[in-house]
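Asker: Have a look at the structure that comes next, please.
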Amino acid sequence: MEYVVIALVLLGVLVLGGLGLVIPRLRRRPELPPPPAPPSSVETAPAPVVVEEPPVEATPEAVTTVPEVEVPEPTAGRLIRLRARLSRSQSVLGKGLLGLLSRDRLDEDVWDEVEENLITADVGVEATVQIVERLRERTRVLGTRTPTSCAGC
């Protein structure tokens, strides 16, 4: 029984000692930085700088011409590199596009297969529709009918 009383007294002393150390720290508020010094009531304005502008000479208005938009010719080298890379590709999309580029005409069946390949490659339906619509529009604008001439699209 004596040991229990001694243990309880020691426990009480430790709890009170711990509270004595923790409570003052909790009450202590962080120190605020000193307030900034009030601005002086007398401020001198800098002397104004006078800059004289040189006289502007009247120049005749230049006639501007709008340059024509030049469309670079698609190079055969790009198409050859593309076909080489697609032939090494092990993906369904790469093999499908290689098959489509090997054809001689772009018709409705080719566009359907492009859509199928993109959807199969998990590009997404919305993205597939956008891609195919943009490609169709570019081929109409450029007047291309073969995959070789459309390689730059």
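Read-outs throughout are calculated quantities, based only on the coordinates presented, and are distinct from any laboratory measurement. Quick caveat: nothing in here was measured; it's all calculated off a predicted structure. For neighbour counting, all protein chains shown are included, and Cβ atoms are generated from backbone atoms with ideal geometry for every residue, glycine included.
Asker: Give the peptides 125-138, 3-16, 105-118 in descending order of average Cβ contacts within 10 Å, highest first.
Answerer: Ranking, from highest mean packing down: 105-118, 125-138, 3-16.
Asker: Report the far tail of the P(r) of the stretch 92-142, meaning the percent of Cα-Cα pairs longer than 19 Å.
Answerer: Every Cα pair in the stretch 92-142 considered, those over 19 Å come to 22 percent.
Asker: A follow-up question, please. At a 10 Å Cβ-Cβ cut-off, how would you order R140, R81, fewest neighbours first?
Answerer: R140, R81
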